[in-house]
Structure formats: structure tokens, C-alpha cells
1. Quick check, is residue 15 over 12 Å from the mean Cα position of the chain (by Cα) and of a type outside the set (S, T, N, Q)?
2. How many of the residues making up segment 1-45 are loosely packed, with under 10 Cβ neighbours inside 10 Å and not in a helix (DSSP H, G or I)?
3. Suppose we filter 39, 30, 34, 9 for residues that are modelled with pLDDT under 80, hydrophobic (A, V, I, L, M, F, W, C) and at negative phi; which single one remains?
Amino acid sequence: MLVPLLIGVTLIWLIGRGVPWNAKLLTLVVTLAVIVVIVLAERNGYWPDGWQRR
């Protein structure tokens, strides 16, 4: 879990060089929110069965 998060933050940093800090922060917040929504959907059974890994 830590490695994909670190890779994501690194990609945001590399892509966002020269972008204002508030835009980087907003991108990070939106990315983390999407990750949380996906994890909650999967854990609560709202994720399609064909997409689940077992």
C-alpha cells in the first residue's frame, strides 16, 4: 500500500514541477479521495464482482 502511494506522490511531483503549490495540493487531495472511494466501495460490496481480485 505504501509503495503505490509513494509512486503516485512522486508522479504528481514530477508532472507538477512549475505548477503552483495549491494546484499540487488539490491534485493530491482529489487523488487520495478517489482511492478512498474505491477502497470503500470494494470493502462494502458495491464493487462489480468481475473486477474483484481473490
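The values are calculated or read from the model by the stated rules, or taken from the named source; none is laboratory data. Quick caveat: nothing in here was measured; it's all calculated off a predicted structure. Here the Cβ positions follow ideal geometry from the backbone for every residue, glycine too, while neighbour counts run over all protein chains shown.
1. Yes; evaluated as a whole, the condition is true for this residue.
2. Summing the residues that are loosely packed, with under 10 Cβ neighbours inside 10 Å and not in a helix (DSSP H, G or I) in segment 1-45 gives 6.
3. 9
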